[in-house]
Amino acid sequence: MLRTIVTILWKDLRIELRTRDALSASFVFCVLVLVIFNFTLDLNAEEARRLGGGFLWVSFAFGGILSLNRSFALEKADGCSKSLMLAPADRGAIYLGKFLANVIFMLVTQVLILPLFAIFFNVPILPAIPLLVLIFLLGSIGFSSVGTLFSAMAANTRMRELLLPLLLLPVSIPVLLAAVKTTQYALGVNEDASDWFKLLIVYDVVFVTASYLGFEYAMEE
Amino acid sequence: MTLSQVLRCDGVGKRFGKTTALRSVSFSLDEGEFLTIFGHNGAGKSTLLNIVATLIRSFDGDVALFGGSAKKADEDTRRSLGFMSHDSFLYDDLTTYENLLFYARLYALSAPGDTAQAMLARVDLVDKSDAVVRELSRGMKQRLSLGRAFLHSPKLLLLDEPYTGLDETACANLNAMLSEFTDAGGSVLMTTHDVDRGYRVADRVLVLDRGRIVFEAETSQMGLDEFRGHYRDILAG
Amino acid sequence: MKSRDYILPALVFVGMLVALYMIGFYAPVEREQGIVQKIFYFHVPCAWVSFMAFLVVFVFSIRYLISRDKRWDNRAAAAAEVGVLFCTLVLITGPIWAKPVWGIWWTWDARLTLTLVLWLIYVAYLLLRHYVTGDEKRATLSAILGIVGFIDVPLVYFAIRWWRTQHPQPVFGGGAGSGMDPRMAATLWVSLAAFTLMFAYFVRVRSRQLALEDEIEQAHQLADEASVSMRGDLR
């Protein structure tokens, strides 16, 4: 079981290290979203600090969808998802391997975007960095948990790129909201975000479990 | 079910919403036997293979695989199955070695690195071990795909239209590995519409027409020309 | 149809008539909001029914995954369609109520926002069904979404509620026990009952329709097969 998780994770990381497709696409997309926000809203530094949590997570959500789509597009090519199902590997372990890879991709993008955000919007982030990274991790876990499941489902249909955001965005509203609120707290905007941290953790636990159990059904031919 | 029976299908049927792909298909396959199933496109060959491969779980009838029901197939059952089709099952952005290493690990083989290396040698791709699959020629990809199918030493090999798009050398390679495989006790179930090649390598043949078995023969008892005649009649009917 | 099949539609008909009478004549006109407030008796039952619909989709989705019986998929799909219908009605009656009373079309009130998110999730369910080919795959993938979507509901509820406590907005309809005139309460309960019955009836009709579609396909199938074997025999 653990070996399967590691094998799948290793494969996805190896491919990404070689091609850098998912990371570059989602990084560039996140930058674009932030830039467009800047143009359309024209905020001063104080407003940007207040609203920054929202900008960050909107860009992370759309960038994340790009890399999630890629995660299963490469399985569908050449029938690889079929070969995964044929293998004597626990399906839940396959899910966990892909899920962890997706979390890593999201987190790396977010960590790279953070300094750019601070620069573009003149928002001081230095003291908050450890907390922000923790929030990014928890949010990425939540988003990727359902995202990996839905990506597998969407890959099985004829409108995969369109269907993933339609399925994922409504269902991920709680985790996105919680991530935004906790990010705002880290940037000094909110007073108390303990409820939101709890929501993040609960969401993560619930949906990693649910997606782990549901993945087998999503991969059926 | 006799001890040497690797596969038995009993009254297997499968409907996909509007279409019936298979109707009451029954046959068996012994250890070391090579069975080829012919049929035109849409006759149900791929569906049958997918059922035997345990990819399709709900169907009418029964399939016994290595003594156990295919509907309850677990990891051990899948470990003994090999599959090949026109899909390569290869990751374009991994090297030849990494592809085999991945599958060796996925199948929990004992010395994955060595097994992968050995198979690379067997399919004559050692000099390409650091080349990503995207850069390979078609023939090389086919050899690698073949190596992948045999990597975990399956007991039953399922082949879905394996000759499609292969050139002469590649076909010869495939046949060579297949006869080595059956000599060592492996069983093969192949579907194809390539009559010449499919007939010559087989011990027995079946013909599927619109989801039903309409013809059976032993290749030792019937010549290729005679079979071709029968097959032509079936397709025309 | 058997004679007992008429019981449910009869109850719906009678129930609705009674409810409409009570809404129109029995329930008092609210002091502050006037007659517009009576939308409440449609708005709240629609919301109640749509939440119930999604619980039903959840249960039927689980039953499908366990049994792989297409009838459960039919029923889940029917419940989702009806649920989306009533959810849409909530989202329409909300603004119709809000505009004359509070002067705004929309408030991000917790309940209305929750309804909007549910609407999005279950419209996604219908879109998923539309884009998947293959009956079994469609049933399986829908079932997963039906289950995951429902599990999400409490999380969405808390998220939105905490989000809204920071920006108090006019709340629709107050609470059930917020000192309503007993006649209003009675009218509400009757309306709830009538709408629930209507929901059950719609789901029943729609799932039967889907089952009939399956039967027709199977009949076509058998006819095809019969003609094939006849041709074979004639040769």
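The values are calculated or read from the model by the stated rules, or taken from the named source; none is laboratory data. Bear in mind the structure is a predicted one, so any value in this text is a computation, not a measurement. Glycine gets a Cβ as well: all are built from the backbone with ideal geometry, and neighbour counts include every protein chain shown.
Among residues of the range A:91-119 being small (Gly, Ala, Ser) and in contact (Cβ under 8 Å) with a residue 24 or more places away in the chain, the one that is farthest from A:Leu2 (Cα to Cα) is A:Ala101.
Do any helices (runs of 4 or more DSSP H) entirely within the range B:34-149 hold 3 or more residues that are within 17 Å of the chain's Cα centre (by Cα), and if so, which?
Working: elements: B:45-52, B:75-79, B:96-106, B:112-122.
Those helices (runs of 4 or more DSSP H) span B:45-52, B:75-79.
When residues in the range C:86-120 are screened for being touching a residue at least 40 places away in the same chain (Cβ under 8 Å) and aliphatic (A, V, I, L, M), 10 of them pass. When the range A:205-214 is filtered for residues that are buried (at least 22 other Cβ atoms within 10 Å of the Cβ) and at pLDDT 95 or above, the ones remaining, listed by number, are A:Phe207, A:Ser211. Restricting the range B:112-128 to residues that are modelled with pLDDT of 90 or more and surrounded by fewer than 20 Cβ atoms within 10 Å (Cβ to Cβ), which is nearest to the other protein chains (Cβ to nearest Cβ)? Checked the range B:112-128; the qualifying residue nearest to the other protein chains (Cβ to nearest Cβ) is B:Gly113.
The number of residues in the range B:5-44 that are under 20 Å from B:Arg197 (Cα atoms) and in contact with a Phe, Trp or Tyr (Cβ under 8 Å, 6 or more places away or on another chain) comes to 3.
Could you grab me the full set of residues in the range A:13-69 that are among the small types (Gly, Ala, Ser) and within 27 Å of A:Leu96 (Cβ to Cβ)? Don't jump to the end; show me each part of the working.
Of the residues in the range A:13-69, the ones among the small types (Gly, Ala, Ser) are A:22, A:24-26, A:45, A:48, A:52-54, A:59, A:61, A:63-64, A:67.
Result: A:Ala22, A:Ser24, A:Ala25, A:Ser26, A:Ser59, A:Ala61, A:Gly63, A:Gly64, A:Ser67.
Out of the range A:148-204, which residues are surrounded by fewer than 21 Cβ atoms within 10 Å (Cβ to Cβ), touching a residue at least 12 places away in the same chain (Cβ under 8 Å) and at the interface with chain C (Cβ under 8 Å from one of its Cβ atoms)? Within the range A:148-204, A:Leu169 is the sole residue that qualifies.
Looking only at the range A:187-204, residues that are modelled with pLDDT under 90 and assigned to a helix (DSSP H, G or I) come to 2 in all. Applying a threshold of 7 Å to beta carbon distances and a minimum spacing of six or more residues, or different chains, the list of pairs starting in the range B:91-111 at a residue that is at the interface with chain A (Cβ under 7 Å from one of its Cβ atoms) and crowded, with 21+ Cβ neighbours inside 10 Å and ending at one that is outside any loop (DSSP other than H, G, I, E, B) and among the β-branched types (Val, Ile, Thr) reads B:Tyr91/A:Ile15; B:Tyr91/B:Val133; B:Phe102/A:Thr7; B:Arg105/A:Thr7; B:Leu106/A:Thr4; B:Leu106/A:Thr7.
Here A:Leu177 does not qualify as over 17 Å from A:Trp57 (Cβ atoms) and assigned to a helix (DSSP H, G or I).
Results for (1) within 14 Å of chain A (Cβ to nearest Cβ); (2) modelled with pLDDT of 75 or more, shown as yes or no for each residue.
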| residue | (1), (2) |
| --- | --- |
| C:Trp162 | yes, yes |
| C:Gln169 | no, no |
| C:Asp181 | no, yes |
| C:Glu217 | no, yes |
| C:Leu222 | no, yes |
| C:Glu225 | no, no |
| C:Met230 | no, no |
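Contact annotation: residue pairs with Cβ atoms under 7 Å, 6 or more positions apart or on different chains, pairing a residue in the range C:146-162 that is without any contact (Cβ under 8 Å) to a residue 60 or more places away in the chain and closer than 27 Å to C:Ile66 by Cβ with a partner that is of a type in the set (Phe, Trp, Tyr) and crowded, with 21+ Cβ neighbours inside 10 Å, are C:Leu155/A:Tyr203.
Between A:Leu9, A:Leu17, A:Leu23, which is within 14 Å of another protein chain (Cβ to nearest Cβ), closer than 20 Å to A:Ala93 by Cα and part of a helix (DSSP H, G or I)? Before the answer, list the steps.
Working: A:Leu17 fails: closer than 20 Å to A:Ala93 by Cα; A:Leu23 fails: closer than 20 Å to A:Ala93 by Cα.
Of A:Leu9, A:Leu17, A:Leu23, the one residue that is within 14 Å of another protein chain (Cβ to nearest Cβ), closer than 20 Å to A:Ala93 by Cα and part of a helix (DSSP H, G or I) is A:Leu9.
I'm checking my understanding of the structure. Among residues of the range B:173-203 that are aliphatic (A, V, I, L, M) and in a helix (DSSP H, G or I), which one is surrounded by the fewest Cβ atoms within 10 Å (Cβ to Cβ)?
Step by step, filter the range B:173-203, then rank; the result is B:Ala176.
Taking the options B:Leu144, B:Leu158, name whichever one is closer than 16 Å to B:Ser80 by Cα and within 12 Å of chain A (Cβ to nearest Cβ). I'd like the intermediate steps shown before the answer.
Working: B:Leu144 fails: closer than 16 Å to B:Ser80 by Cα.
Just a single option satisfies the conditions, and that option is B:Leu158.
One residue stands out among those in the range A:31-89 that are out of contact with any Ser or Thr (no Cβ under 7 Å at 6 or more places or on another chain), within 14 Å of chain B (Cβ to nearest Cβ) and among the hydrophobic types (A, V, I, L, M, F, W, C): the one that is surrounded by the fewest Cβ atoms within 10 Å (Cβ to Cβ), which is A:Ala77. Entry remark, the range B:207-237: residues being out of contact with any His (no Cβ under 8 Å at 6 or more places or on another chain), within 20 Å of B:Gly44 (Cα to Cα), assigned to a strand (DSSP E or B) and among the charged types (D, E, K, R) number 2 in total.
Being assigned to a helix (DSSP H, G or I) and surrounded by fewer than 16 Cβ atoms within 10 Å (Cβ to Cβ) is true for just one of C:Phe13, C:Phe86. Which residue is that?
That would be C:Phe13, the only listed residue that is assigned to a helix (DSSP H, G or I) and surrounded by fewer than 16 Cβ atoms within 10 Å (Cβ to Cβ).
Based on this model, can you work out whether B:Leu22 counts as touching a Ser or Thr at 6+ places or on another chain (Cβ under 9 Å), assigned to a strand (DSSP E or B) and within 20 Å of B:Arg204 (Cβ to Cβ)? When the stated conditions are applied, B:Leu22 passes them. Going through (1) more than 10 Å from chain A (Cβ to nearest Cβ); (2) of a type outside the set (A, V, I, L, M, F, W, C); (3) part of a loop (DSSP other than H, G, I, E, B) one by one, C:Arg111 falls short only on (3).
Among the residues making up the range B:146-174, a single one is modelled with pLDDT of 90 or more and among the polar types (S, T, N, Q): B:Ser153. From the list A:Ser67, A:Ser71, A:Ser83, A:Ser59, the one residue that fits, being in a helix (DSSP H, G or I), over 25 Å from A:Asn38 (Cα atoms), among the small types (Gly, Ala, Ser) and under 18 Å from the mean Cα position of the chain (by Cα), is A:Ser71. Return yes or no: is A:Gly92 in a helix (DSSP H, G or I), out of contact with any Ser or Thr (no Cβ under 6 Å at 6 or more places or on another chain) and within 14 Å of chain B (Cβ to nearest Cβ)? Considered against the rule, which asks whether it is in a helix (DSSP H, G or I), out of contact with any Ser or Thr (no Cβ under 6 Å at 6 or more places or on another chain) and within 14 Å of chain B (Cβ to nearest Cβ), A:Gly92 comes out as yes.
Taking the conditions exactly as written (touching a strand residue (DSSP E or B) at 6+ places or on another chain (Cβ under 7 Å), surrounded by fewer than 20 Cβ atoms within 10 Å (Cβ to Cβ), within 13 Å of another protein chain (Cβ to nearest Cβ) and of a type in the set (Gly, Ala, Ser)), does B:Ala131 satisfy them or not? Talk me through it step by step, then tell me what you get.
Details: touching a strand residue (DSSP E or B) at 6+ places or on another chain (Cβ under 7 Å): yes; surrounded by fewer than 20 Cβ atoms within 10 Å (Cβ to Cβ): yes; within 13 Å of another protein chain (Cβ to nearest Cβ): yes; of a type in the set (Gly, Ala, Ser): yes.
Here the answer is yes, as B:Ala131 does meet what is asked.
Taking the condition of being out of contact with any His (no Cβ under 6 Å at 6 or more places or on another chain) and either assigned to a loop (DSSP other than H, G, I, E, B) or touching a residue at least 40 places away in the same chain (Cβ under 8 Å) (or both), how many residues in the range B:162-172 meet it? Selection size over the range B:162-172: 5. When C:Trp105 is tested against the conditions (1) at pLDDT below 95; (2) under 25 Å from A:Ala152 (Cβ atoms); (3) touching a Lys or Arg at 6+ places or on another chain (Cβ under 6 Å), the lone failure is (2).
Scan (1) modelled with pLDDT of 90 or more; (2) closer than 23 Å to C:Asp135 by Cβ for the single condition C:Phe195 breaks and write down its number. If we test C:Phe195 against (1) modelled with pLDDT of 90 or more; (2) closer than 23 Å to C:Asp135 by Cβ, just (2) comes out false.
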